[in-house]
Amino acid sequence: MFRRLYKVVFCFLCIFGILGAILVESEANELAPSVRLKDLAVVEGARSNQLTGIGLVVGLPGTGDRSGMAMRMIRNMAEQYGLSLGTREIRSRNVAAVTVTCNLPPFTREGQTVDVLVSTLGDAKSLDGGVLLQTPLKAANGNVYAVAQGPVTTGGFAAGGAATQVSKNITTTGRIPGGAIVERDVPMEYASDSKLSLLLRQPDFTTAQRLALSINNKFGQIAVPLDAARVEVAFPPAYAQYPASFVASLEQLEVRPDSVARVVVNERTGTVVMGGNVKISAVAVTHGNLTVAVAEAPQVVQPEPFAGGQTAVVPRTEVAVEEQQGRVISMPATATVTELVDALNSIGATPRDVITILQSINEAGALHGELVVM
């Protein structure tokens, strides 16, 4: 009899354990959906490179530089073409000195084009209508990898006179779509010794472990998580000679990412972003507002005609005090962020109030997550 009872209890415990695991997995699925591997990680070695240069934008309608920087650049450019000019001979408001920047994407080859960003160096008012002259773009090692040239697009306008001015967007910064031609490519070594490394965009040990398990379930035991940000993957024998095809197959795998419970607060804008996995211990929150309004309404008093008095200003101050009735809400120990938001909305808390309440809950040790104040 006792054996039968023991077996029944054991079966019930197993059933409850399975149901609990299913509920936990279901909750995790709701908080973090499956994401493609290519959206979670990048291949180590396949990276972009920053390029920069200094050039001239010409053809501006009188909105160029007033400083001597652009004039000296014009003189230096003229000397390259065999034309000698003095500083006093150059008087133009149609030229602006600019910086030209761009990111050279990985695997970009010679002859391909990339977009560039053009920004004023001096006191030019606008780049609208200007054309960038040929500008070499260098990397940090001093080598030229691209050359930029073309009309600048600002996406805005600025117009006005001596009394007023109307503008839309920023006209001292513009773009040249496809304005830089790549003259030298950067070799990318992403596969060495029949291995490659995947770098997580958001380092996390749990996500790295899940990523390795997803790869191993597909290709066998070839992936090992080295730390929170790196997963090392060996090439299967079938893909030993085709690394690009193997990377393409990896990118389509789906992984359910994990993240640290975090609450991000921006006090400047009153924005609060709370992750779904933030938990709150048992806590009680009191909410109430005290409003004090002080208004000055001075009154001018004039004497009667021929009374010989003087006009006087009599100060009058009105003070109004309004205190809303405070409310207390109680949160259970298993409260989630959704329950907290519903409770705060029920008492009419504003975003500013939510920020203060969250900071107080965190100070009380009841907020189980990272509170980030921006």
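The values are calculated or read from the model by the stated rules, or taken from the named source; none is laboratory data. Model, not experiment: these values are computed from the prediction. Note that each Cβ is placed from the backbone with ideal geometry, even for glycine, and that neighbours are counted across all protein chains shown. We work out accessible area using only protein heavy atoms, side chains counted, and drop any ligands, DNA or RNA first. Shrake-Rupley method; radii C 1.70, N 1.55, O 1.52, S 1.80 Å.
Some values worked out for this structure:
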item: Efficiency of FRET from Cβ geometry, Val372 and Ser194, R₀ 41 Å, rounded to 0.05; result: 0.50
item: Among the listed pairs Lys38/Lys218; Lys195/Lys218; Lys138/Lys195, those beyond 26 Å (Cα-Cα); result: Lys138/Lys195
item: Segment Ala46-Gln112, length gained on full extension (0.36 nm per residue, minus Cα span); result: 22.0 nm
item: Accessible surface, region 39-124, averaged per residue in Å² (probe 1.4 Å); result: 55 Å²
item: Accessible area in the full protein assembly, largest first, 1.4 Å probe, for Met71, Met274; result: Met274, Met71
item: Cβ-based net charge around Leu367, under 14 Å, with every Lys or Arg adding one and every Asp or Glu removing one; result: -1
item: Ellipsoid semi-axes in whole angstrom, largest first, where each is sqrt(5λ) of the Cα gyration tensor of region 109-160; result: 26, 13, 8
item: Förster-model FRET efficiency, 35 Å R0, Leu226 and Asn103, C-beta, rounded to 0.05; result: 0.80
item: Distance (nanometres) between label positions extended 7 Å along Cα→Cβ at Thr356 and Asn94; result: 6.1 nm
item: Under-5 Å amide H pairs with Val116, H placed in peptide plane, nonlocal only; result: Ile176, Gly178, Gly179, Ala180
item: Point-to-point label distance, Glu267-Thr153, nm (Cα→Cβ direction, 7 Å offset); result: 4.2 nm
item: Label-point separation in nm, Val313 to Arg36, each point 7 Å along Cα→Cβ; result: 7.0 nm
item: Ordering of 106-119, 207-220 by burial proxy (mean other Cβ atoms within 10 Å per residue, highest first); result: 207-220, 106-119
item: Near-label residues of region 89-127 by backbone N, under 20 Å of a point 7 Å along Cα→Cβ of Arg72; result: 89-100, 119-125
item: Compactness index (Cα Rg / 2.2 N^0.38 Å), region 71-149; result: 1.29
